Amino acid sequence: MESLNRMAIELVDEAIDFADVLGTGAYELGNEATVLDFGVDFDGGVEAGILLTEIQTGGLATVQSRMGEVAGAPMRYVELSTDHPDLALLCSQKAGWELSVQDFEGLGSGPARALVGTEDVFHRVGYHDAFDLTVLTIESDALPGEAVAEQVAELAEVNESSVFLVGFRTASIAGSVSIAARAAELAAFRLTELGYDPTDIVSASGTAPVAPIAASEEKAMARTNDALAYGGEVQLTVREDFDRFDEVPSVAAEQYGEPFADIYDTIEWDFHELDEGVFAPAKVTIDVIGGPTYVHGETNEELLAESFEL
């Protein structure tokens, strides 16, 4: 398989070349690492969010926006499809890198994870990338600096000048778009956590509404997760049947039916206290090749309308 980082770097080059059109920014740090601003000091936009998602999936997903409705209100949706869900979603898009460097905190996703390859999912998929350039996208309310680039370079075993960091706030257009594009990734990860072989997920498609941009990072985190858990819809095509498909959608979680703002308040924002099953799409169709097709879960437009303040 082609290097995820090589394909993502091609998209990063595109982002740098068309920064003015995308409403984004790019600059070089003192250690020659490059930072791209997709929604911290720059506004970004829908197209920036789509390109951000393409970078996060290592160029192995088709991403587009469309118009739909939530509780009768016109609303933008994002759609993502991939025929390489194990690589694009689990080995790249998944936000599996928790960054804590000096006073910087952020959540990393993208193909840099595949150069490190220590997460269990890489062993299960059997993939480890090798390339001399790397890109990590970082969800944070601040842009990463030299110390973050140094840590990424050290763990990914590349030069600091070979590191590209794409920063965005949750409460930004690009952030809201890219998080809405995670519906299929959440389903694939949840299925894998239940014991399913990730290499038996042949293709995946997902869609979710783009949450309105909130006034704070905390509110944005709640809204974007509501968009997925109560508005996300996914179709998976898989090779093998499984007796736990009904546990994939968010309806299987203990906290189902509560807005994420309330869930977060209850646990005082300690994410380690959360039932992982709550991070799942609302509704899932699973098509077993040569076998049955299952449909589990349901969307909840009333809760979405409340969360989005429609």
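The values are calculated or read from the model by the stated rules, or taken from the named source; none is laboratory data. As the structure is a computational prediction, the values presented were derived from the model and not from experiment. As a convention, Cβ positions derive from the backbone with ideal geometry for all residues, glycine included, and neighbour counts pool all protein chains shown.
Structural remarks
- Residue check for A147: of a type in the set (A, V, I, L, M), crowded, with 24+ Cβ neighbours inside 10 Å and at pLDDT 95 or above: no
- Test: residue in the stretch 174-181 that is over 17 Å from R113 (Cβ atoms), in contact with a strand residue (DSSP E or B) (Cβ under 7 Å, 6 or more places away or on another chain) and either in a strand (DSSP E or B) or among the β-branched types (V, I, T) (or both): yes
- Look at the stretch 286-310: where a residue is without any contact (Cβ under 8 Å) to a residue 12 or more places away in the chain and a partner is among the charged types (D, E, K, R) and surrounded by fewer than 20 Cβ atoms within 10 Å (Cβ to Cβ), sitting 6+ places away or on another chain with Cβ atoms under 7 Å, you get T293/D287.
- Restricting the stretch 1-20 to residues that are surrounded by fewer than 17 Cβ atoms within 10 Å (Cβ to Cβ) and in contact (Cβ under 8 Å) with a residue 12 or more places away in the chain, the residue that is nearest to V148 (Cα to Cα): I16
- In the stretch 58-99, residue nearest to the chain's Cα centre (by Cα) [restricted to those that are crowded, with 24+ Cβ neighbours inside 10 Å and closer than 20 Å to S140 by Cβ]: Q93
- Of the strands (runs of 3 or more DSSP E) lying entirely inside the stretch 32-102, those containing at least 1 residues that are free of Cβ contacts under 8 Å to residues at least 24 places away in the same chain are 62-70, 73-82, 97-101.
- Of all residues making up the stretch 29-40, the number that are more than 21 Å from the chain's Cα centre (by Cα) and either closer than 19 Å to E139 by Cα or surrounded by 15 or more Cβ atoms within 10 Å (Cβ to Cβ) (or both): 4
- The set of residues from the stretch 120-151 being closer than 18 Å to S3 by Cβ and not in a strand (DSSP E or B) comprises V121, F122, V125, G126, Y127, H128, D129, A130, F131, D132, L133.
- Yes/no for L51 being under 13 Å from the mean Cα position of the chain (by Cα) and crowded, with 20+ Cβ neighbours inside 10 Å: yes
- Which numbered condition M221 misses (of (1) part of a helix (DSSP H, G or I); (2) of a type outside the set (S, T, N, Q); (3) buried (at least 20 other Cβ atoms within 10 Å of the Cβ); (4) in contact with a helix residue (DSSP H, G or I) (Cβ under 6 Å, 6 or more places away or on another chain)): (4)
- When residues in the stretch 236-279 are screened for being in a loop (DSSP other than H, G, I, E, B), within 21 Å of the chain's Cα centre (by Cα) and at pLDDT below 95, 8 of them pass.
- Screening A187, A211, A204 for residues that are small (G, A, S), within 22 Å of D262 (Cα to Cα), touching a residue at least 24 places away in the same chain (Cβ under 8 Å) and crowded, with 24+ Cβ neighbours inside 10 Å leaves exactly one candidate, A211.
- Of the residues making up the stretch 103-114, those that are more than 19 Å from P198 (Cα to Cα) and touching a residue at least 12 places away in the same chain (Cβ under 8 Å) are F104, E105, G106, L107, G108, A112.
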